[in-house]
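First comes the structure, then the notes that go with it.
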Amino acid sequence: MLTGRTAIITGATGGLGPAVVQVMLEEGASVAAIGRDEAQLEALRIALAPQAGRWLALPADLTDAVAAADAVKAVAAQLGGPDIMLALAGGWRGGKPVGETDPETLDWLLRVNLLTAFNICHAALPYLTGRKWGRVITIGSRSAVGGQGRSGAYAASKAAVVALTQSIAAEVRGTGITANVILPGTIDTDRNRAAMPGTDYGKWVTPEQIAAVIRFLCSEEASAINGAAIPVYGNT
């Protein structure tokens, strides 16, 4: 149980975010949900109907380091902590081989996948260090460790998230903090179904399955797991 802990969840309104918010609330944690769209955050709050006093919605552009720092300060002031940093924010663009991928695509992917994770971890880690307990969990991708044709820029941006997370793990070793990265296969979301109609969706990994892995990594039982890149591929 995570009663008394505060979790920051970025990308809270994305395909994975609501399932993770639900799990954290079930475990007793207070939740600070960060997303870019205030209306979507409010819709999430209504849909989950979390316990009063344990929910904070923060619209923020985490590609801006100052905005990320301000968000973490707001969490500390209103909910305490933070103790758990779940960097779920990210995005995908692809469909072309590397030789045909424009530089703007790579720049966008590095910003939404790597920069958002770096900025929020940079802002949150001093709080975790001060409390001598913490969990940092990021979302990479299967393609980060195996490559993916026609998605080279995306794979590279997610590989950078893996390297960032494992570097944090090396820095916090022995402090009571752990840092791990999850490597999902294709996640069963409405957006992915729309992009790939006719696929056998039963082979994809569900948001709830990934949330279950996050639940375990946040537990005391997982305190010996640090620096791991954990594959969650479903049946693909």
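FRET efficiency for residue 190 and residue 104, Cβ-Cβ distance as r, R0 = 35 Å, nearest 0.05? Before the final figure, lay out each step's value.
On the way: r = 26 Å, r/R0 = 0.75.
My answer for the efficiency is 0.85.
Starting from 0.36 nm per residue, how many nanometres of slack lie between residue 209 and residue 170 once their C-alpha separation is accounted for?
Using 0.36 nm per residue and subtracting the Cα-Cα distance, I get 11.3 nm.
Three principal axis extents, largest first, for the C-alpha atoms of the stretch 7-105, in Å?
So the extents along the principal axes, rounded to whole Å, are 51, 28, 23.
For the ranges 105-114, 217-226, what's the packing order if you count other beta-carbon atoms within 10 Å of each residue, average per peptide, and put the highest first? The partial results should precede the final answer.
Details: 105-114: 19.4, 217-226: 15.2.
Per-residue mean Cβ counts within 10 Å order the peptides as 105-114, 217-226.
Say each of residue 163 and residue 233 gets a label point 7 Å from the Cα, pointing the same way as Cα to Cβ; how far apart are those two points in nm?
Those two pseudo-labels are separated by 2.3 nm.
Using the alpha-carbon centroid of each, what span in Å lies between the stretch 126-166 and the stretch 17-75?
Centre-to-centre (Cα) distance: 21 Å.
Quick one: length gained pulling residue 3 to residue 74 fully straight, 0.36 nm per residue minus the C-alpha distance? Could you put the intermediate results ahead of the total?
Details: separation 71, 0.36 × 71 = 25.56 nm, distance 1.98 nm.
That works out to 23.6 nm of additional length.
For the chain, what is the largest minus smallest coordinate of the Cα atoms on each principal axis, given in angstrom and ordered from greatest to least?
47, 38, 34 Å, listed from the longest principal axis down.
For residue 43 paired with residue 111, estimate the spin-label separation in nm (one decimal), with each label point 7 Å from Cα along the Cα-to-Cβ line.
Label-label distance for residue 43 and residue 111, simple model: 2.4 nm.
Cut-off under 23 Å on the C-alpha distance; same-chain residues fewer than 8 positions from residue 132 excluded. Which lysines are left, in chain and number order?
Cα-Cα hits under 23 Å: 73.
Which residues does a label at residue 122 reach in the stretch 53-86, if reach means a backbone N under 16 Å from a point 7 Å past the Cα toward the Cβ?
61-73
Starting from the Cα of residue 203, draw a straight line to each of the aspartates and glutamates and keep only those under 12 Å, dropping any in the same chain fewer than 8 residues away.
Within the straight-line limit of under 12 Å, residue 203 reaches these aspartates and glutamates: 188.
Among 143, 157, 30, rank each residue by its count of other Cβ atoms within 10 Å, from fewest to most, as a rough exposure measure. The partial results should precede the final answer.
On the way: 143 21, 157 30, 30 27.
Lowest to highest Cβ neighbour count: 143, 30, 157.
Could you line up 233, 154, 127 from fewest to most neighbouring Cβ atoms inside 10 Å? Numbers along the way, then the final one.
Numbers: 233 13, 154 24, 127 20.
By the 10 Å Cβ count, ascending: 233, 127, 154.
Read-outs throughout are calculated quantities, based only on the coordinates presented, and are distinct from any laboratory measurement. Since we're looking at a predicted model, the values are computed, not measured. Reconstructed Cβ throughout: ideal geometry from the backbone, glycine too, with neighbour counts over all protein chains shown.
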